[in-house]
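Structure record follows, encoded as structure tokens.
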Amino acid sequence: MFVPSVVTRARRAVESRKVRVVDPSLTCVYARSWWVSFWGKSYAVTMSRRGSPRALLFLIVFLSACATYCAAPVEVSLTAGVVIEGTNTKDQARFFQFVLGPNEDAELTLAVTDGDADVYVLGPMFARVSGFGAGNVGAKSTNVDHFGADDNFNAYKWTWSSYKSAGSDEILYISSADPLKAGSITTNRTFRVGVWGWSEFGESGADGSEWRLSFAKRNHTAMVNSNLQAVAMQNVFTECCGVAKTPTNTNRCSPWRNKSNPSAAMDACHVANNLCDENDVLRFLNFNAYDLSCDLSTVVSLLEGHVLPSVTRIEMDDNPHLTTGAADVGRFPTAPVTPSATLAALLAALPNNATHLHLESGGSLFAGTGENVSPNTFTNEVCAAFRARLSTLASVRLRNTGARGSFPENADCLLGARSVDVALSDNSLTGSLPTFTAPFLSNLLFFKANANGFTGPIPPAFASRLTKAVTLDFSDNSLNGTLARFGDAVLQSSLLFFKANNNSLTGTVPASLLGQNSNVSGIDLSDNLLSGTLPRDAFGGKRLTQLVLGNNALTGGIPDVMTIGETTNQIAKTADGVSIAASAPSRKLHRVDLSRNAFTGYGFPDALVCAPDLTYLYLNSNALSGDLPLATNGDPKDLEFLIRFRNLRVLNLSNNRFTGSVPDDHLILDVFQSGPGYVRDGVTGALTPLQHVYDVSDNFIAGTAPAWAARWREFAYVSVNLRNNRWTCPIPNPISYLTLACVDDNAGGNTSVTPKTTAADTNRRVPNRDTGNADSRDTSIFPGITDPQTFTPVSAVDQSLPKDGSVLFGLETAVGAGVFFCALLALGLLAHGAIRSHIRRRGNHQRFIEIGAFNDIRGGSPTGRREAWGDGETRVRD
């Protein structure tokens, strides 16, 4: 039967390309992406005439199924005072709604009990142009989708969202103060709520995230900030925001400005991400991304009397013009004049039950100016103020603030029993890492001290007393000594990400981080002085995604088994002779870098190269030997037959001792067949093309150089390096531009070089070649950490994630749009089946290769928003 055949082949194609459908309601979004990207290829396609009658039958059956499958259930209505408990897997959303009557506001609380999730709220003023979805018919979404379509079928601008709420509940106050977001306050209005799961694993070891959602109504007109606080807040607005918008401060304090009177501040109780209690007193104070232009000491002086004493959570991130050490002592004679004194005054003004202190305004915040510079940001006075609040202080985020100097010894400055999230990254801190005296820091999930100047060893207490740690980052410092048993299955079983690269660490890689019993997902110990061998089951971790150990002094063979009890004769294999455990779909291995070490022996065991999601493989600059393996075991009919390197886009084997020839079936690797990917910078948001690399240079590979490599000469994102091998003369003319040396057997084995490229060749677009060095690899192929924030989305994300102010609202109730998108998918599958039928009848394998692989909608690393890895890959379009 035609239909089962096509469905089966479609399923195989989807599985082989790792298309992730995170929620049934989003299936048709992926269908549309697949259809557009497939037909975006500039190749002519010959359709099979014999498929028409069967195609019609398939289309009818498929659309009938889509009408049911692509329409998601209606949102669950929230009832005031009723708590809803739920769970989310990674990248999965649950949808709800609530209705506000005239003159009503809402308070929405998301309590995350395990893992990480966020809540997004869509106001009633956004709807589809076609009228599908919530809101008024004809109302337009303010953003466009990633195809550039301005009648956005699947995304809306979310109006309220939770933000970095480590250690406490996510509480949103939904105010009716802005009619452009909340609609007319005199009518009933429907608001839509999305709870998005970020974590693949929670601290408890369970999959996904667990949470509780509740909803309460508030009287809009009765919620007014107390008079003394209102006066103080207006004074800060005047000093730091400017009385009115001008050409130089067009967007300054925009969320805070009164919409009807821009020279005045909106009531603080109604500003997004602020929160007032039932007595109209501020508890949460948010200045994030306001672009405040003043000195922090001015803010402290104006708020320390009536506002700060009640605020348990203060956030001032993303204010690059906020300074310290520049106080106007003439107008504010009591204002502190140095950065450390300003920080101490701010802490002293907060209550002893403060929970959050986020000051990631910019690199100049604690740098000081002129004579007002503090050699040590964390003085004894500052540490004493921190200690007074460690019983409640959960989140301290001081990344990239210009903090400098060392911590006082044995000061218990930042880390206490209630600590959940501590970030000190990208500063100029020196001396030893901060210490703590608490027996256990059983609440600490995230500790980041990377990109500083810390010296000395990493205290073993970070391995034995942080029992629920998820992310530990000590990278880019001057640390030395050996590593303790981080990630121990008993003492630290929640650890997912451990980074200590670019230090001077010695000894061996802790066995607790590797192997079948490890729960760790990402490990980066590159650029150290580590030695010794790796356990044979080093790639066997059930959550292992990234293993980066480049530029050390490691020896021995490449790990070759999945469990330590396996031997070569015990490994269960498929009909293709591949280890069943190594090729299991559940394996998550994504990136491996063992380059610039001293590994020997055969470099391609199944435990490594048969991982179904392996995308980046660096084995360059070792002493590995043997022939290059086939990708298909000699049966390269199409992509479904790949059994090694299934998703590989970077293969760097340069500077080893490999022999044999380059297998012809390597031309169907994703290095060549997958379209260009992009990496989103977490700081600037810019997209950078991802370089695909095939590098086998500086080996002993012989035979005829692969002429098929020339097909990708015009593709700037594909880099091919075949130099310094023992190619047989003559070098095929299509790749003469590579100027490869060859061995002329007729000349007694002498080496010759092909002619240099002509002027015409020089004018062609020749891709940049990866030389295998650390700099080119880390910047042009996989940039690494550019945004170490824990509680923002990974900087390169799946297009379905709520990034750039967008979240998927609307499609999940749009049956019509669902059918439309699924129709596109049906036509795409029909085209796929017809093309493959045509190819098989004519035996034209080359034609199939030129059509290209299907879209890979896999976005970023599969390890969740909490990952410490920074940028992953974003498939924008192929």
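The values are calculated or read from the model by the stated rules, or taken from the named source; none is laboratory data. Here the structure is a predicted model, which is why all the values come from computation and not from measurement. Cβ placement follows ideal geometry from the backbone for every residue including glycine, while neighbour counts extend to all protein chains displayed. Accessible surface is based on the protein model in full, side chains and every heavy atom, while ligands, DNA and RNA are left aside. Shrake-Rupley method; radii C 1.70, N 1.55, O 1.52, S 1.80 Å.
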*With the radius of gyration and the Kirkwood radius both derived from the Cα set of the stretch 203-355, what is their ratio Rg to Rh?*
1.01
*For the stretch 341-449, what % of the accessible area comes from carbon and sulfur atoms, probe 1.4 Å?*
48
*asked:* Considering only protein heavy atoms and a probe of 1.4 Å, how much of the accessible area of the stretch 570-673 is carbon and sulfur, as a whole percent?
replied: 51
_Give me the one-decimal nm value for the distance between modelled label points at Asp318 and Asn633, 7 Å along each residue's Cα-to-Cβ direction._
5.1
*How much of Met233 can a 1.4 Å solvent probe reach, expressed as accessible area in Å² and rounded to 10?*
10
_Accessible area (Å², 1.4 Å probe, nearest 10) - Met125_ = 70
*Relative to the present Cα-Cα distance, how much length would full extension add between Arg387 and Arg212 at 0.36 nm per residue of separation?*
59.9 nm
*Order Glu315, Glu409, Glu85, most accessible first, counting only protein heavy atoms with a 1.4 angstrom probe.*
Glu409, Glu85, Glu315
*Nearest 0.05, what FRET efficiency do Arg485 and Thr600 give at R0 = 22 Å with Cβ-Cβ as r?*
0.20
*Cβ-derived FRET efficiency at R0 22 Å, Thr334 paired with Asn261, nearest 0.05*: 0.10
*Accessible area, probe 1.4 Å, largest first, for residues Leu687, Leu483*: Leu687, Leu483
*On the accessible surface of the stretch 190-294, probed at 1.4 Å, how many percent belong to carbon and sulfur atoms?*
50
*Measure off 7 Å from each Cα along the Cα-to-Cβ vector at Ala716 and Glu85, then give the distance between these two points in nanometres to one decimal.*
5.5
*Protein chains only, probe 1.4 Å: how do Trp727, Trp712 rank by accessible area, largest first?*
Trp712, Trp727
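Sort 254-264, 359-369 for me by packing, meaning the mean count of neighbouring Cβ atoms within 10 Å per residue, highest on top. Please report the intermediate quantities before stating the final value.
On the way: 254-264: 14.5, 359-369: 21.4.
Highest mean packing first, the order is 359-369, 254-264.
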*Say the cut-off is 18 Å between C-alpha atoms; which of Lys448/Lys542; Lys90/Lys588; Lys448/Lys588 go over it?*
Lys448/Lys542; Lys448/Lys588
*asked:* Using 0.36 nm times the number of residues separating Arg726 and Ala623, minus their current alpha carbon distance, what extension gain do you get?
replied: 35.4 nm
*asked:* I'd like to check one number: the per residue accessible area of the stretch 572-680, probe 1.4 Å, reported in Å² as a whole number.
replied: 28
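Might you tell me the accessible area per residue for the stretch 160-211, computed with a 1.4 Å probe and given in Å²?
On the way: 1620 Å² over 52 residues.
The answer is 31 Å² per residue.
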_Going by amide H atoms built from the backbone, whose H comes under 5 Å of the H on Val718, apart from near neighbours?_
His692
